[in-house]
Amino acid sequence: MLTNQVRLLLVPLILCVLSGCFGPEANKEIDSVGSTAENPPITEGSESTHKSAEAGGSANREPKAETAGEQESEPAELATNFTMQTLGGDELSLEALRGRYVLVNFWATWCIPCRKEMPYLQQISDKYDGQLVVLGVNMREKAERVQPFIDEMGLTIPILLNPPNELLLEHNVRGLPISYIVDPEGAIVYRKIGEILPEEFDPWLHEHLEQS
């Protein structure tokens, strides 16, 4: 009796195996969550990965870094010309100094950092005479106040008075000191907000004036 029951259980099982109940179709539910036999997963080094790379696919391609030689250089900013009266009563324009480097320095007698950097500005003006002109643009103080300061500091650099509003707005002069440098071709090549420090500025001078 027991033997007959076992036979009855085995017959459907054998028929199911023969008909493919446990073949590839039985795994469709699992494949729908991941990959199927028709869409195998792409793994590193697989044939599908190589085909994708050969076809120019970008999914597995890292972006190419630009080198310095490939980057386009930005056009130089040309300095706006100005004409101002000097402390001595003459007129001086930026254009008249073309062919030399010009350091334009906005300052005032009441500005402590301005007072600290003035001896250094005089020093580099003397050292690079003929290559560099330092212009001290005073922030609209009266000549009677400026002259004693110049005498006290022993300055010989040109001192300009009463800068126009357009120049102050262009260089965003809100605090002091502020400086910029114009190269011999008239382009702005250096900007500095705050006191010019020898340890920061000397290397720039060495590179552009001593090795040029």
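The values are calculated or read from the model by the stated rules, or taken from the named source; none is laboratory data. Note that the structure is predicted; figures quoted are calculated from it, not measured. Positions of Cβ are backbone-derived with ideal geometry, glycine not excepted, and every protein chain shown enters the neighbour counts. The area values use the complete protein model at the heavy-atom level, side chains included, leaving out ligands, DNA and RNA. Shrake-Rupley method; radii C 1.70, N 1.55, O 1.52, S 1.80 Å.
Out of the residues in the range 125-143 that are under 22 Å from Leu168 (Cβ atoms) and open to solvent by 10 Å² or more (accessible area, probe 1.4 Å), which is nearest to the chain's Cα centre (by Cα)?
Out of the qualifying residues, it is Val133.
Among (1) in contact with a helix residue (DSSP H, G or I) (Cβ under 6 Å, 6 or more places away or on another chain); (2) modelled with pLDDT of 50 or more; (3) not polar (S, T, N, Q), there is one condition Met84 misses while meeting the rest; what is its number?
All conditions are met except number (1).
Which of the following residues is over 23 Å from Gly99 (Cβ atoms), surrounded by 17 or more Cβ atoms within 10 Å (Cβ to Cβ) and modelled with pLDDT of 95 or more: Phe149, Phe201?
Of the residues listed, the single one that is over 23 Å from Gly99 (Cβ atoms), surrounded by 17 or more Cβ atoms within 10 Å (Cβ to Cβ) and modelled with pLDDT of 95 or more is Phe149.
Restricting to the range 111-124, name every residue that is surrounded by fewer than 17 Cβ atoms within 10 Å (Cβ to Cβ), touching a residue at least 24 places away in the same chain (Cβ under 8 Å) and out of contact with any Gly (no Cβ under 9 Å at 6 or more places or on another chain).
Lys116, Tyr120 - these are the residues of the range 111-124 that are surrounded by fewer than 17 Cβ atoms within 10 Å (Cβ to Cβ), touching a residue at least 24 places away in the same chain (Cβ under 8 Å) and out of contact with any Gly (no Cβ under 9 Å at 6 or more places or on another chain).
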